[in-house]
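Asker: Could you have a look at this structure, given as structure tokens, before my questions?
Derivation of every value follows stated rules applied to the coordinates shown; laboratory data play no part. Note that this is a predicted model, so its numbers are computed, not measured. Neighbour counts are summed over all protein chains in view; Cβ atoms, including those assigned to glycine, are modelled from backbone coordinates with ideal geometry.
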Amino acid sequence: MNFLEDSIRLLRAKGYKITGPRVAVLEVLSKAEIPLSAYDIEEHIPKNIRSNVVTIYRVLDVFEELGIAHRIHTKEGYVRCDFELKRGCHYFAVCDKCGRTSEFLHKDPCFLKKIIPKNLPLKNLKHITEVSGTCQQCS
């Protein structure tokens, strides 16, 4: 899987233009090991790419909608999707010390769907689960 190529292919398939800011944000996310805020991403974008924080937030909104990136709430930042741009349920291990974030799969994908009451007015249920602790490198 090539994150950059797969993301560009998905954007095209969904009718989005491949713009300089979109490619630049993809490149930054592809190299990041910790969640990055829009401001962090802006610092890593080459100066020859015309963008600002508002543009980056708009790009991130599209990426989140398409499953290209995920928002990590505990770190107030964004990370790339590591599992073939799949929609649905995503699980993250977040280091409390260094902020390193790893996406992982559960043997029973979307197991929460089985325990959420059927009478809740939700369709197309998806969730992001964050588990925090200390990674091996920091312990």
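Asker: How much length would be gained if the chain were fully extended between Leu105 and Ser30, taking 0.36 nm per residue of separation minus their Cα-Cα distance, in nm to one decimal?
Answerer: Full extension from Leu105 to Ser30 adds 25.1 nm.
Asker: If amide hydrogens are placed 1.01 Å from N in the peptide plane, which non-local residues have theirs closer than 5 Å to the one on Thr129?
Answerer: Long-range HN contacts for Thr129: His90, Tyr91, Phe92.
Asker: What ranking do Ser51, Ser139, Ser37 get, fewest neighbouring Cβ atoms within 10 angstrom at the top?
Answerer: Ser139, Ser37, Ser51
Asker: Tell me the trypsin sites (Lys or Arg not before Pro) within region 1-52 that lie in a loop according to DSSP and have at most 14 other beta-carbon atoms within 10 Å.
Answerer: Answer by residue number: Lys14, Lys17, Lys47, Arg50.
Asker: Same structure, new question: Give the Debye-formula value of log10 I(q)/I(0) at each listed q (0.21, 0.25, 0.27 Å⁻¹), with one equal scatterer per alpha carbon of region 16-93, two decimals each.
Answerer: -0.91, -1.28, -1.48
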